[in-house]
Every structure is written in C-alpha cells, then in structure tokens.
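Can you keep this structure in mind? I'll have questions shortly.
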Amino acid sequence: MYIYQIMSNNFGYIDIILLGMIAGFIILRLRSILGRKTGHEPKIYPTFQEKKFNVPNNEQKNLKQNLETLEGKDKKEFLKGAEIAYETILTSFAAGDIKKLKDLLTPDMADNFDQAIKSRNKENIKSEFTFIGIKESNLEKYEKIKNELFASVRFVSEVISVKKDKDNKIIEGNPDKIKHVTDYWKFSKNILKKGPNWYLSEIVSK
C-alpha cells in the first residue's frame, strides 16, 4: 500500500513536468510564428481608410476651380445656396430684420432694403409673410468680369403675402390665397475676397 502511494505521487509529479514541457514548447512555437512585440510596431487606425494617406499633398494644391463656367456639381451647389438665400431674404425683409439681410446683400442692396423697411415702418404698414416653397430655380446667365462673378437666377415660388395698415386692415394680398411669384435675381461674388459667399446685387424687373 505504501509503495502504491509513492508510485502514485511520482506519477503525479511526472504529469506536471510533462504538461510544463508541452506548454513551454507551445509558447516557443507561437513566438517563432508570430514574432515578439517590441513596442515599435506601426499603429493601426481602423477608422481611417488607407487610401486617404496615399493622396499626395501637392495634388490638392494644383486643383483650381474653373471660374469661367458654372456647371455640374458647382452649379447644383450654387442653386441650392441661392434658394436658401432667396427664402431667407424674403422672410427677413417681411420681418424687418435688416441685420440678417446685410449678411446676404451687397452694400447698395442693403441700403435699398433698409430704406424700404424704414418707409414701411413710418407708414405703420405691417407685413405678414409665409413662404410656402420654391417650385423651380434656373441659372439664366453666368459671367466673369475681371475679378467679379455674376449669376442671374430665375425663381418660381409660392408665398402668402399680406399687408395691413395701422388699424390691422388688409390693404394688399389675401391671407387665404397662395400666390405664385416669379423673380429674377442677380448674385455677385468677388474672387479676391476670402470666403465662398455670394451676395444679392440686383433684382431684375421683367
């Protein structure tokens, strides 16, 4: 019985030694296959696409916009911005917000709008305006004259416009009727000035 216990204990030690040797062998094999981490491995940023790092910086500098024409994506983006400006100018004028208007108008146009608002206020005329939406916008003309760009746009929109006197009596328009409006606006931009902004420079009567 005593001998059996000694042999059992010896076999237990042998099993532990064998397992340790196997584990050591596996670790050595993994190191040889995967290599060791030295701390100098290149970092991986999974949220970035590799192709973004392959674009030379000098290619970006050499890209210049063709200012002689306004076509394709540039035209689409311009008309989108012009529509936003159109709605903002109409609603701001009705509300008498000259501060917001100045950010979208040339100095001369800003003076004209300012005088119109002051004249309306002097006569105690109230302007109630609801912008329904733009049905259509088309670039009618585009030209570059020296350092100035000019773009004429035809807008077709739907609005509800009402003017009331000091006694709140309607003197123009119908609050229950949608009005179809066609406007021809000319925008301008100086290419020497920083920033992408265009400004309303003229309202053309046709």
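Where does each of Leu70, Leu139 land when they are ranked from fewest to most other beta-carbon atoms within 10 angstrom?
On the way: Leu70 20, Leu139 16.
Fewest-to-most ranking of Leu70, Leu139: Leu139, Leu70.
Quote the convex hull volume per residue of the range 60-201, based on C-alpha atoms, as a whole number of Å³. Please report the intermediate quantities before stating the final value.
Details: hull volume 16.3 nm³, N = 142.
Looking at the range 60-201, the number lands at 115 Å³ per residue.
Which entries of Lys76/Lys102; Lys100/Lys179; Lys75/Lys189; Lys135/Lys166; Lys80/Lys100; Lys102/Lys179 have Cα-Cα distances beyond 22 Å here? The partial results should precede the final answer.
Values: Lys76/Lys102 24 Å; Lys100/Lys179 25 Å; Lys75/Lys189 14 Å; Lys135/Lys166 33 Å; Lys80/Lys100 19 Å; Lys102/Lys179 26 Å.
As for pairs spanning more than 22 Å Cα to Cα, those are Lys76/Lys102; Lys100/Lys179; Lys135/Lys166; Lys102/Lys179.
Mind ranking 90-96, 163-169, 105-111 by how tightly packed they are, going by the mean number of other C-beta atoms within 10 angstrom, highest first? Don't skip to the answer; put the middle values down first.
Working: 90-96: 17.7, 163-169: 11.0, 105-111: 15.7.
Highest mean packing first, the order is 90-96, 105-111, 163-169.
Could you tell me the calculated FRET efficiency between Asp114 and Asn197, based on Cβ-Cβ distance and R0 = 22 angstrom, to the nearest 0.05? Display every interim value, and only then the final one.
Working: r = 19 Å, r/R0 = 0.88.
Step by step, r from the Cβ atoms, then E = 0.70.
How would Glu68, Glu158 line up from fewest to most surrounding beta-carbon atoms within 10 angstrom? Provide the component values of the computation, followed by the final result.
Working: Glu68 9, Glu158 14.
Least to most surrounded, the residues fall as Glu68, Glu158.
Could you pull out every one of the aspartates and glutamates with an alpha carbon less than 13 Å from that of Lys193, ignoring same-chain neighbours closer than 8 positions?
Excluding near neighbours in sequence, the set is Glu148.
May I pose another question? With a ≥ b ≥ c the root eigenvalues of the C-alpha gyration tensor of the range 108-154, is it rounded (a/c under 1.5), prolate (a/b larger than b/c) or oblate? Provide the component values of the computation, followed by the final result.
Values: a/c = 5.74, a/b = 1.56, b/c = 3.68.
Cα axes put the range 108-154 in the oblate bin.
Laboratory data are not the source of any read-out in this text; all were calculated from the coordinates shown. Nothing here was measured: the structure is a model prediction, and the numbers come from that model. So basically every Cβ, Gly included, is an ideal-geometry build from the backbone, and we count neighbours across all protein chains shown.
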